Amino acid sequence: MLKAKTFVKKTKQGNIIKVVREHYLRDDLSCGSLLCKGCPNLMPAKLAQQQKAESSLVPASHYLVIDTNVALHQIDFLEDPNITDVIVLQTVLQEVRHLNDSLYKRIRTIVEDGKKRFYVMCNEHHRSTYIDREPNESSNDRNDRAIRVATAWYEGHLKNLGVGVVLLTNDRDNRDKAIKAGLKAYQVVEYVKSLKGCANLVDHLSHEGGAKDTTGAAGDRKMMYEEHVSLYQVKQGIKSNRYYQGKFEASRENYLEGYVSCHAFDKQVIIRGLKHLNRAVHEDVVAVEIFPKSQWVGSSSTVQLDDSVAAEDEDLNQMPATAESAYIRPTGRVVGIIKRNWRNYCGVLLPTSNTDNVRHIFVPSEKRIPRIRIETRQAATLMSHRIVVSIDCWPRSSRYPLGHFVRDIGPLGDRETEEEVLLLEHDIPHLPFSQSVLDCLPKLPWSIADYEFVLREDLRHLCVCSVDPPGCTDIDDALHFRKLGNGNAEVGVHIADLSYFVRPGSALDLEAQKRGTSVYLCDKRIDMVPDVLSSNLCSLRSNEDRLAFSAIFEMTPDGQIVNRKFCKTVIRSVASLTYAEAQILIDDTNRVDPLSEGLRGLNELAKKLKQQRIEAGALTLASPEVRFHIDSETHDPIGIETKELKETNSMIEEFMLLANCEVARYIEKAFPQCAVLRRHPSPPLSNFDLLVNAAAVKGVKVSCSSNRELAYSLEHADVPGDPFFNILLRIVSTRCMMQAVYFCSGMLPEEEYFHYGLAVPCYTHFTSPIRRYPDLLVHRLLAASVGYDKTYTELLDRNKVHEWCENLNYRHHQAQLVQRSSIALHTQLYFKEKCLDEDAYILFVRRNAIVVLVRRYGLESTIFLKSDKQSNVEFNYEEEKCKLTIGKVTLQMFDRVIVQISVEDCSIQHRKLRMKLVNPIIPGVSVEPIYVTLGKDDHLPKPDSLKPS
Amino acid sequence: MASEILSAEGLRCDGRRPQEMRKLKCELGISEGADGSALVEQGYTKVLVSVFGPHECANRNTRNHERAIISCSYNLASFGSAIRKKKMNSDKKSTEVGVMIQNTFEAAVMLEKFPKSQIDIYVQVLQGDGGERCVAINATTLALINAGIPMKDYVCACAATVYQDSVLLDINNLEESSRGPLFMLAVMPRTESIVQLQLDHRLHNDHLDKVVKETIQGCRDIQVLLDRQVKEWTVEAAAAYDIKPRV
């Protein structure tokens, strides 16, 4: 049957057009019940005979029908394993998809889960359940009616089978109408409470109704916040420049302050005070109204944590705002929320004496998120646990947002719990691989199929070896070197052939793509692909036949490439060396076996290559890297050191760079529209101001007009007597740069493919497919362009590739952040109950703080300098010269200082590494040195050797 | 609300399954003045075709002594789409479609039977909701039959796109604008010879065989419907002259 769907739509240009679309109604759609024999069987039926959990409210066997609001707000309830046999109507699904895409995806995941028995009923295309919108009926009312009609149809359809249907809706009007029509309809809370054996499920319910109730009974409760302006008014306001749109960022230090970045202003707009923040939560997109210029203030630069539970009228007078004209920023207030970006938050319950109480306050571990009021009956067990909570709403009358309990992670302070919190807070997919992913793996024992030898080149006779850090199990690169008759040398870069195992579109591929990268925490690795592949079948282990993708170059003795070839191969590595072992083989000139000779040859070539790169303008940057010695049993850190770089590190790096550059050139030519490349934009010159100023103070001139000049001046920047100065300078200049990103070649003009740091016109990642997804894509592209493999649709679709690159950039960034947090967590565990004095250098100088780098551990920390009340010393900050004078002592960038490291418990969930200044001695600011240090290998610092500057 | 092109339940945005065609309605001989005419509706796409000829070739320069020539003009009615367009005299796109239809029928019409003459085809799209070119070809086939011009076979056309590995046949306007490949095929179903094939955007090689196979099936389905209509019309026309046709 054919129906016309007619509606009126407004286009972006503001024209009104009438859209008429066809709408076919079908009679071959099934009801989805396993009991029903009458329905056509085109879609597999799912709904079973019985609900998993018995309800005292509806003792008979029944299916659940949910309305849109339940789907939108009670997702945690729907995800609970006790809730099964639910009919999700198409009307509901479409509305959810329209309103919130991430929720839509979650519901889709539940539907795909066979155990949950959720069935999607296409009621909009079903002949018996389709309804027309009546004149004067709002689209919401029409949808509610459609849900009721579909429920009624189910009731009639299933009557003879002894199964009923129950409509779950929190909308009173809808419920009344349903009951009037003879249907069973309940509130979610009512229904959940009636379920047997699911007492804790009530905690998962969201406060959907709360918001409405309080707005209705406005009179008897005090409103804390002003009402949000409607979305329509916001749009109008933005158009007429009355409001400005921007992303809200709460301040880390002060819960009463937040910033909004608007396009219209150079500086971030500052929002101060609870009232003006008006229920904006970190990362929401908000509309702000700007105050007249006379009311503009600066950031208060004071630290204020939300400790007062009852304090309702925070006075702005408590926070002295900077009124100095130089620091004044546009100031305003939040008038409306354009888009909430709420997620699930990790944290703890605020300890109370009465754990029987149902209402509790939840403190998120992210300081920028406000406290959340939740209801739970399990407070006694959850009290000292890390838990996950989700925000439901923030009514005007409530100081804190209302939320509900989602799940329990584990006891507070436990290393595993804390690690999981890190992973959750950084949005790292870390759950074990699902069965469908594991099904894609080859069966063990595995051996190379015979036909692979036909397709591939057999290079097992070559002397291939790998060089990696100690303890590395995912070896994805190996090298070989041999002299050719004509005086040239042949160098092979062999990369693990993951693309052979991970076929496009398989569950394994999708999972790897979602993860994007392996994440290396201090004592744990979260693999991108399952362990069988990453540390066995793909790892190029010694003395085992392995599949590889090889880039083979013929090079002249002075490092020029005369010939290049990319091919899939079979290799057999003769040795898996560590950097140190390889270094010994190279240095020991008595050894003349092919392996050592090969390494020496590679090393010679690598030096030439490095020279060429540096001449072209490549930068050698530095960043402090920390390595922990982990106790094998307790997994606690017992030692800490900075990573040491050997000549062999640089050797491997050179050949990887070479292979990456060559592959990038090749795939860019083969697929100009859809190659996955990596670019590093050149930073704006103003980024370097700080560096240039700071170096000038030390009497060193740094020129930054091009990467080549910067490399040159960094090479020659030395302060006599301070060998570490050069490294510091490199660390600081790294901070001035932009982030390197993956991109799809067709999306940008060719000039922008440039890689600033490496000074090459085109670059990509090819050499670590086991731990990076982009490399896998590059492998596929390269395999297609040399004729070993076929392309597939998505690989050639540049919009799709662009989308992938965006995700990969995000994952890469998150992985870096979590790595840093993991290091912080371990340092903190290491320094627990320790207190040491250490040598450090000043990296940056701020108005009331210095950022220092402890050289021995590579730790970085901010030291806030505050004078105690008796000795009122004067702070004098000169931004130009990067200089902070306190009393008579001057602190300058790159100065050497001595700091005291200890761990401080500032709150139950934030344990923090705290550093204090010891030397130079500033009365009232610095602390007394300790001469007793813990740990047997720690040396005693000698403060006398340092002169206060 | 932008609905999904193909839902997980296997329904398209208008409720069809991937290989289902839109409702097809056709009528022959509806234009009085023309030698042959047909109106074909596929869903909300509605095309009227009038055929004049074969008549003596008006222009001496284009006249062919061996066979007849076909001229085709294609026009989209200004009221035919969601946004009213200003009428343009020489619209490049329309000219292109005109030439395409002309080429298609030069392969199907037995032109050698009418040397030195000309056949004029006027295509008017009254309503456009996707697949206008295909509907135009189907309507032209009927109009030529209506005009009694001998052809080798019916020419049936069908459009398709590929979405997530499944082929969607007879696509509507919404599906056309989904950035997927736009594939169009005109076939003479009896011999299964392809007369016209057009592809906009990129289609991956892996999908080509599948798309061609499915689309030919779509064309066959259309041919069955057109054939039924032609036979009905023949019976009616014969009845008017009191002749019993052999069907």
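Being of a type in the set (D, E, K, R) and more than 12 Å from chain B (Cβ to nearest Cβ) narrows it down to one residue among A:Glu95, A:Glu79, A:Glu112; which is it? Outline the logic, then answer.
Values: A:Glu95 fails: more than 12 Å from chain B (Cβ to nearest Cβ); A:Glu112 fails: more than 12 Å from chain B (Cβ to nearest Cβ).
The match here is A:Glu79.
Which residue out of A:Glu490, A:Glu511 is over 18 Å from A:Val778 (Cα atoms) and not in a loop (DSSP other than H, G, I, E, B)? Reasoning before the result, please.
Working: A:Glu511 fails: over 18 Å from A:Val778 (Cα atoms).
Criteria check complete, one pass: A:Glu490.
When the range A:118-134 is examined, which residues are found to be surrounded by fewer than 22 Cβ atoms within 10 Å (Cβ to Cβ) and either more than 10 Å from chain B (Cβ to nearest Cβ) or among the charged types (D, E, K, R) (or both)?
Those that are surrounded by fewer than 22 Cβ atoms within 10 Å (Cβ to Cβ) and either more than 10 Å from chain B (Cβ to nearest Cβ) or among the charged types (D, E, K, R) (or both): A:Arg127, A:Ser128, A:Ile131, A:Asp132, A:Arg133, A:Glu134.
Which fully enclosed strands (runs of 3 or more DSSP E) of the range B:151-247 have 3 or more residues being open to solvent by less than 40 Å² (accessible area, probe 1.4 Å) and in contact with a Phe, Trp or Tyr (Cβ under 9 Å, 6 or more places away or on another chain)? I'd like the intermediate steps shown before the answer.
Working: elements: B:156-163, B:166-169, B:182-188, B:193-200.
The strands (runs of 3 or more DSSP E) meeting that bar are B:156-163.
Within 11 Å of chain B (Cβ to nearest Cβ), open to solvent by 60 Å² or more (accessible area, probe 1.4 Å), outside any loop (DSSP other than H, G, I, E, B) and at pLDDT 85 or above: does that describe A:His23? Break it down into steps so the answer makes sense when it comes.
Values: within 11 Å of chain B (Cβ to nearest Cβ): yes; open to solvent by 60 Å² or more (accessible area, probe 1.4 Å): no; outside any loop (DSSP other than H, G, I, E, B): yes; at pLDDT 85 or above: yes.
For A:His23, the condition - within 11 Å of chain B (Cβ to nearest Cβ), open to solvent by 60 Å² or more (accessible area, probe 1.4 Å), outside any loop (DSSP other than H, G, I, E, B) and at pLDDT 85 or above - is not met.
Filter the range A:873-895 down to residues that are in a strand (DSSP E or B) and touching a Leu at 6+ places or on another chain (Cβ under 6 Å) and give me whichever is nearest to A:Leu859 (Cα to Cα). Break it down stepwise before answering.
Step one: of the range A:873-895, the residues in a strand (DSSP E or B) are A:875-878, A:883-886, A:889-892.
Still in the running and touching a Leu at 6+ places or on another chain (Cβ under 6 Å): A:877, A:884, A:891.
Values: A:Tyr877: 25, A:Leu884: 22, A:Leu891: 19 Å.
Filtering first and then ranking leaves A:Leu891.
Here are B:Glu132, B:Glu192: which of them is touching a residue at least 12 places away in the same chain (Cβ under 8 Å), touching a strand residue (DSSP E or B) at 6+ places or on another chain (Cβ under 9 Å) and among the charged types (D, E, K, R)?
Values: B:Glu192 fails: touching a strand residue (DSSP E or B) at 6+ places or on another chain (Cβ under 9 Å).
Only one candidate qualifies: B:Glu132.
To keep it simple, each residue is scored yes or no on (1) away from every other protein chain (no Cβ under 14 Å); (2) under 18 Å from B:Gly131 (Cα atoms).
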| site | (1), (2) |
| --- | --- |
| B:Ser177 | no, yes |
| B:Gly180 | no, yes |
| B:Phe183 | no, yes |
| B:Leu197 | yes, yes |
| B:Asp209 | no, no |
| B:Lys213 | yes, no |
| B:Gln217 | yes, yes |
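Quick check: is even one residue across the range B:55-67 in contact (Cβ under 8 Å) with a residue 12 or more places away in the chain, assigned to a loop (DSSP other than H, G, I, E, B) and open to solvent by less than 20 Å² (accessible area, probe 1.4 Å)?
yes
How many of the residues making up the range A:260-289 are closer than 19 Å to A:Asn241 by Cα, touching a residue at least 40 places away in the same chain (Cβ under 8 Å) and among the aliphatic types (A, V, I, L, M)?
8
Is there any pair with a first residue in the range A:216-235 that is at pLDDT 85 or above and a second that is in a helix (DSSP H, G or I) and of a type in the set (Val, Ile, Thr) whose Cβ atoms are under 9 Å apart and which are 6 or more apart or on different chains, and what are they?
Final answer for the pair search is A:Glu227/A:Thr215; A:His228/A:Val234.
Within the range B:46-68, does at least one residue satisfy the condition of being over 30 Å from A:Leu93 (Cβ atoms), within 13 Å of chain A (Cβ to nearest Cβ) and of a type in the set (Asp, Glu)?
As a first pass, look at the range B:46-68 and keep what is over 30 Å from A:Leu93 (Cβ atoms): B:46-68.
Imposing the further condition that a residue be within 13 Å of chain A (Cβ to nearest Cβ) reduces the set to B:46.
With of a type in the set (Asp, Glu) added as a condition, the list becomes none.
Within the range B:46-68 (the criterion being over 30 Å from A:Leu93 (Cβ atoms), within 13 Å of chain A (Cβ to nearest Cβ) and of a type in the set (Asp, Glu)), the answer is no, since none of the residues qualifies.
Sort out which residues of the range A:528-573 are in a loop (DSSP other than H, G, I, E, B), within 28 Å of A:Ala815 (Cα to Cα) and open to solvent by less than 20 Å² (accessible area, probe 1.4 Å), and write them in order of number. If you could, list the steps in order and put the result at the bottom.
Looking only at the range A:528-573, we keep the residues that are in a loop (DSSP other than H, G, I, E, B), and these are A:528-530, A:538-541, A:543-544, A:556-560.
Remaining after also requiring within 28 Å of A:Ala815 (Cα to Cα): A:528-530, A:538-541.
Scanning the range A:528-573 gives A:Met528, A:Val529, A:Pro530, A:Cys538, A:Ser539, A:Leu540.
In the range A:794-848, what residues are assigned to a helix (DSSP H, G or I), within 14 Å of chain B (Cβ to nearest Cβ) and open to solvent by 30 Å² or more (accessible area, probe 1.4 Å)?
Looking only at the range A:794-848, we keep the residues that are assigned to a helix (DSSP H, G or I), and these are A:794-796, A:798-830.
Imposing the further condition that a residue be within 14 Å of chain B (Cβ to nearest Cβ) reduces the set to A:794-796, A:798-803.
Answer for the range A:794-848, where residues must be assigned to a helix (DSSP H, G or I), within 14 Å of chain B (Cβ to nearest Cβ) and open to solvent by 30 Å² or more (accessible area, probe 1.4 Å): A:Glu794, A:Leu796, A:Arg798, A:Asn799, A:Lys800, A:His802, A:Glu803.
So how many residues does the range A:768-780 have that are part of a helix (DSSP H, G or I) and touching a strand residue (DSSP E or B) at 6+ places or on another chain (Cβ under 7 Å)?
So the first thing to find is which residues in the range A:768-780 are part of a helix (DSSP H, G or I), and the list is A:773-780.
After this cut, where a residue has to be touching a strand residue (DSSP E or B) at 6+ places or on another chain (Cβ under 7 Å) as well, the list is A:773-774, A:777-779.
The qualifying residues number 5.
Any chance you could count how many residues in the range A:247-259 are closer than 13 Å to A:Val335 by Cα and at pLDDT below 90?
Of the residues in that region, 0 qualify.
Which of the residues belonging to the range A:715-730 are closer than 17 Å to A:Ala618 by Cβ and touching a Phe, Trp or Tyr at 6+ places or on another chain (Cβ under 9 Å)?
Keep residues of the range A:715-730 that are closer than 17 Å to A:Ala618 by Cβ, which gives A:715-717, A:726, A:729-730.
Across the range A:715-730, the qualifying residues are A:Ala717, A:Leu729.
Only one residue in A:Val854, A:Val897, A:Val903 is in contact with an Asp or Glu (Cβ under 6 Å, 6 or more places away or on another chain) and at pLDDT 80 or above. Which one?
Values: A:Val897 fails: in contact with an Asp or Glu (Cβ under 6 Å, 6 or more places away or on another chain); A:Val903 fails: in contact with an Asp or Glu (Cβ under 6 Å, 6 or more places away or on another chain).
When all the criteria are applied, what remains is A:Val854.
Hey, A:Thr791 hits all of (1) part of a loop (DSSP other than H, G, I, E, B); (2) within 26 Å of A:Pro429 (Cα to Cα) but one; which does it fall short on?
Here A:Thr791 meets the rest and fails (2).
Report whether or not B:Tyr74 is under 30 Å from B:Pro18 (Cβ atoms), under 14 Å from the mean Cα position of the chain (by Cα) and open to solvent by 10 Å² or more (accessible area, probe 1.4 Å). Walk me through it before giving the result.
Details: under 30 Å from B:Pro18 (Cβ atoms): yes; under 14 Å from the mean Cα position of the chain (by Cα): yes; open to solvent by 10 Å² or more (accessible area, probe 1.4 Å): yes.
In short, yes.
Here are some conditions: (1) in a loop (DSSP other than H, G, I, E, B); (2) touching a helix residue (DSSP H, G or I) at 6+ places or on another chain (Cβ under 6 Å); (3) hydrophobic (A, V, I, L, M, F, W, C). A:Leu431 meets all but one. Which one does it not meet?
Condition not satisfied by A:Leu431: (2).
How about the range B:9-42: which of its residues are assigned to a loop (DSSP other than H, G, I, E, B), among the hydrophobic types (A, V, I, L, M, F, W, C) and either at the interface with another protein chain (Cβ under 7 Å from one of its Cβ atoms) or surrounded by 18 or more Cβ atoms within 10 Å (Cβ to Cβ) (or both)?
Keep residues of the range B:9-42 that are assigned to a loop (DSSP other than H, G, I, E, B), which gives B:9-11, B:13-23, B:29-35.
Then keep just the ones that are among the hydrophobic types (A, V, I, L, M, F, W, C); that gives B:11, B:13, B:21, B:30, B:34.
B:Leu11, B:Cys13, B:Ala34, listed by residue number.
Which of the following residues is touching a strand residue (DSSP E or B) at 6+ places or on another chain (Cβ under 9 Å) and either assigned to a loop (DSSP other than H, G, I, E, B) or not basic (Lys, Arg) (or both): A:Tyr451, A:Tyr400? Steps first, please.
On the way: A:Tyr451 fails: touching a strand residue (DSSP E or B) at 6+ places or on another chain (Cβ under 9 Å).
The match here is A:Tyr400.
Is one or more of the residues making up the range A:861-877 free of Cβ contacts under 8 Å to residues at least 24 places away in the same chain and either under 22 Å from the mean Cα position of the chain (by Cα) or open to solvent by less than 10 Å² (accessible area, probe 1.4 Å) (or both)?
no
Only one residue in A:Ala840, A:Ala783 is in contact (Cβ under 8 Å) with a residue 12 or more places away in the chain and under 14 Å from A:Val899 (Cβ atoms). Which one?
Working: A:Ala783 fails: under 14 Å from A:Val899 (Cβ atoms).
Among A:Ala840, A:Ala783, only A:Ala840 is in contact (Cβ under 8 Å) with a residue 12 or more places away in the chain and under 14 Å from A:Val899 (Cβ atoms).
From A:Phe688, A:Phe724, A:Phe655, A:Phe671, which residue is surrounded by fewer than 17 Cβ atoms within 10 Å (Cβ to Cβ), of a type in the set (Phe, Trp, Tyr) and out of contact with any His (no Cβ under 8 Å at 6 or more places or on another chain)? Before the answer, list the steps.
On the way: A:Phe688 fails: surrounded by fewer than 17 Cβ atoms within 10 Å (Cβ to Cβ); A:Phe655 fails: surrounded by fewer than 17 Cβ atoms within 10 Å (Cβ to Cβ); A:Phe671 fails: surrounded by fewer than 17 Cβ atoms within 10 Å (Cβ to Cβ).
Of the residues listed, the single one that is surrounded by fewer than 17 Cβ atoms within 10 Å (Cβ to Cβ), of a type in the set (Phe, Trp, Tyr) and out of contact with any His (no Cβ under 8 Å at 6 or more places or on another chain) is A:Phe724.
Output the number of residues of the range A:577-596 satisfying the condition of being farther than 22 Å from A:Lys483 by Cβ and either among the basic types (Lys, Arg) or open to solvent by 50 Å² or more (accessible area, probe 1.4 Å) (or both).
Residues meeting the conditions: 2.
The values are calculated or read from the model by the stated rules, or taken from the named source; none is laboratory data. The model shown is predicted, which means the values in this text are computed figures rather than measured ones. Quick reminder, even Gly has a Cβ in these numbers, built from the backbone with ideal geometry, and neighbours come from all protein chains shown. For the accessible areas, the whole protein counts, side chains as well, though only heavy atoms, and no ligand, DNA or RNA atoms are used. Shrake-Rupley method; radii C 1.70, N 1.55, O 1.52, S 1.80 Å.
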